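The values are calculated or read from the model by the stated rules, or taken from the named source; none is laboratory data. Every value quoted in this text rests on a predicted model; they were computed, and no experiment measured them. Note that each Cβ is placed from the backbone with ideal geometry, even for glycine, and that neighbours are counted across all protein chains shown. Ligands, DNA and RNA are excluded from the accessible area calculation, which covers all protein heavy atoms including side chains. Shrake-Rupley method; radii C 1.70, N 1.55, O 1.52, S 1.80 Å.
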Amino acid sequence: MRASFRDATSGRRLFKTVCVSCILTILVVTPAIAAEVLFPEPLHITREITDPISGSTVTVDEYCHGNRIGAVEGPRTAIVDYERGEITSIDRSRGTFSVTSFEAVASAQQGAGESA
């Protein structure tokens, strides 16, 4: 059975953890490869992530091309654009989206580290 983030709280936590890990990787890797194209050929990756506690499984499709990576999980989509330095989050079930710069994510991470 496929679980969506609407019915699996642990899935939301896992998605947030994966997103934060990806963002931190982006902030470290981006300056070193800014002049090169990350994915000269299109790449499609499908991953199944199973929560060992609840046993729910989430399928994530990742599409990579040029300097962009898009991750699709159910009604949620995240697009990371390395050239523009932006992360776009789309929630089709709620009809919302947000665009966040890498700098805003970095400053939020620094603020979270100080309050912990």
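A few comments on the model shown:
- Annotation note: Cβ proximity below 9 Å between a residue of region 35-61 that is more than 16 Å from VAL80 (Cβ to Cβ) and part of a loop (DSSP other than H, G, I, E, B) and a residue that is among the charged types (D, E, K, R) and open to solvent by 80 Å² or more (accessible area, probe 1.4 Å) (sequence gap 6+ or interchain) occurs for ASP51/ARG13; SER56/ARG2; SER56/ASP7.
- If you filter region 65-116 down to residues that are of a type in the set (Asp, Glu) and part of a strand (DSSP E or B), you find that the one that is farthest from GLU48 (Cα to Cα) is GLU86.
- Leading residue by the ranking (most open to solvent (accessible area, probe 1.4 Å)) among those in region 84-116 that are touching a helix residue (DSSP H, G or I) at 6+ places or on another chain (Cβ under 9 Å) and in contact (Cβ under 8 Å) with a residue 60 or more places away in the chain: GLN109
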